[in-house]
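Laboratory data are not the source of any read-out in this text; all were calculated from the coordinates shown. Note that this is a predicted model, so its numbers are computed, not measured. Glycine gets a Cβ as well: all are built from the backbone with ideal geometry, and neighbour counts include every protein chain shown.
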Amino acid sequence: MSTRKKIGIFGGTFDPIHMGHLRMALELKQRLKLDEMRLLPAHQPPHRDAPKVSSTQRAEMLRIALKDCPDLRLDERELQRNKPSYTYDTLQELRKEFVDDVSLALCMGADAFANLPKWYRWSELIELAHIVVIARPGWDIPVAGEARDFLDQHLNTSESLDSEPSGSVVFQSLSLLPISATGIRELIQTGESAQFLMPDAVWSYICTHSLYR
Ligand code: ATP
């Protein structure tokens with residue numbers, strides 16, 4: 001049995017954090033027997049529109065959501081860098097912090113993976129971490145193109161997280177909740193409730209601060 005420490009990294013805009021994110025992070029931590037699972041809110045995501053609420057508020061909602069969950073932790077390093085959040089820079093930083101022996105698992109939904117070839121230094125990410133791709137309701141794994149070629153080239157089983165610190169793409173199928181932050185923002189904008197799609201305390205925060213109206 002390997003004793004290699006395994007750390008999961010789950011990035012996103014979390015605009016806002018919802019049960020889909022939380023269940024996926026928790027299930028993945030358990031399924032892959034990760035020692036840690038970190039949620040990293042992006043400050044300025046380079047590949048998509050600016051988030052609707054400030055970084056401080058998005059981080060605060062994450063803090064509230066994770067308060068009673070010792071299995072998941074918030075990592076605010078991208079918010080402390082006052083520039084676009086490149087995952088490459090983040091993984092490099094984490095690599096410097098942890099000994100080479102630690103296995104890093106960059107986790108993302110299939111939608112994010114299909115977009116990967118647009119990311120800064122995307123093909124080098126695999127030298128710094130494993131990439132764990134999770135099937136997401138309504139999103140298929142790309143059938144062709146650069147992301148598909150990359151998947152075919154690096155696809156491996158989850159045991160590779162124990163045997164190597166980086167280098168594999170691992171595919172996981174989880175029972176995911178069909179919730180999206182876009183859907184939540186639309187509900188609120190049209191004056192409907194988004195209660196029960198996120199922890200109650202996060203919903204209270206959104207209501208108190210009149211976010212996404
Ligand atoms: P938006 O609708 O604004 O795009 P989102 O809900 O997709 O937001 P993001 O912060 O963009 O959330 O996503 C961060 C990560 O969470 C991505 O890798 C995405 O695939 C994943 N993710 C989002 N929603 C779910 C869900 N319901 N189940 C599992 N993974 C999810």
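Which members of the range 88-102 meet the condition of being among the aromatic types (Phe, Trp, Tyr) and either under 15 Å from PHE150 (Cα atoms) or not in a helix (DSSP H, G or I) (or both)? Of everything in the range 88-102, just one residue is among the aromatic types (Phe, Trp, Tyr) and either under 15 Å from PHE150 (Cα atoms) or not in a helix (DSSP H, G or I) (or both), namely PHE98. Report yes if ALA201 is within 16 Å of the ligand (Cβ to nearest atom) and either touching a residue at least 60 places away in the same chain (Cβ under 8 Å) or of a type in the set (Ser, Thr, Tyr) (or both), otherwise no. No; evaluated as a whole, the condition is false for this residue. When the range 95-134 is limited to residues that are farther than 22 Å from LEU174 by Cβ and touching a Leu at 6+ places or on another chain (Cβ under 6 Å), the one that is farthest from the ligand (Cβ to nearest atom) turns out to be ARG95.
Might you let me know whether the range 184-192 holds any residue that is more than 14 Å from the ligand (Cβ to nearest atom), surrounded by fewer than 13 Cβ atoms within 10 Å (Cβ to Cβ) and either within 20 Å of PHE113 (Cα to Cα) or in contact (Cβ under 8 Å) with a residue 60 or more places away in the chain (or both)?
The answer is no; no qualifying residue exists.
Please tell me if VAL170 is in contact with a helix residue (DSSP H, G or I) (Cβ under 7 Å, 6 or more places away or on another chain), in contact (Cβ under 8 Å) with a residue 60 or more places away in the chain, in a strand (DSSP E or B) and under 30 Å from LYS5 (Cβ atoms). Break it down into steps so the answer makes sense when it comes.
Details: in contact with a helix residue (DSSP H, G or I) (Cβ under 7 Å, 6 or more places away or on another chain): yes; in contact (Cβ under 8 Å) with a residue 60 or more places away in the chain: yes; in a strand (DSSP E or B): yes; under 30 Å from LYS5 (Cβ atoms): yes.
So VAL170 passes the test.
Let me spell it out: the conditions are (1) in contact with a His (Cβ under 9 Å, 6 or more places away or on another chain); (2) within 9 Å of the ligand (Cβ to nearest atom), and ALA65 meets all of them except one. Which number is the exception? Among (1) in contact with a His (Cβ under 9 Å, 6 or more places away or on another chain); (2) within 9 Å of the ligand (Cβ to nearest atom), the lone unmet condition for ALA65 is (2). Only a single criterion out of (1) farther than 17 Å from ARG185 by Cα; (2) surrounded by fewer than 20 Cβ atoms within 10 Å (Cβ to Cβ) is not satisfied by LEU39, namely (2).
From the list PRO51, PRO84, which residue is over 13 Å from the mean Cα position of the chain (by Cα) and away from the ligand (no atom under 14 Å from the Cβ)?
PRO84
Taking the conditions exactly as written (buried (at least 19 other Cβ atoms within 10 Å of the Cβ) and out of contact with any Pro (no Cβ under 9 Å at 6 or more places or on another chain)), does LEU94 satisfy them or not? Yes. Scanning the range 103-127 for residues that are in a strand (DSSP E or B) and more than 14 Å from the chain's Cα centre (by Cα) yields a count of 1.
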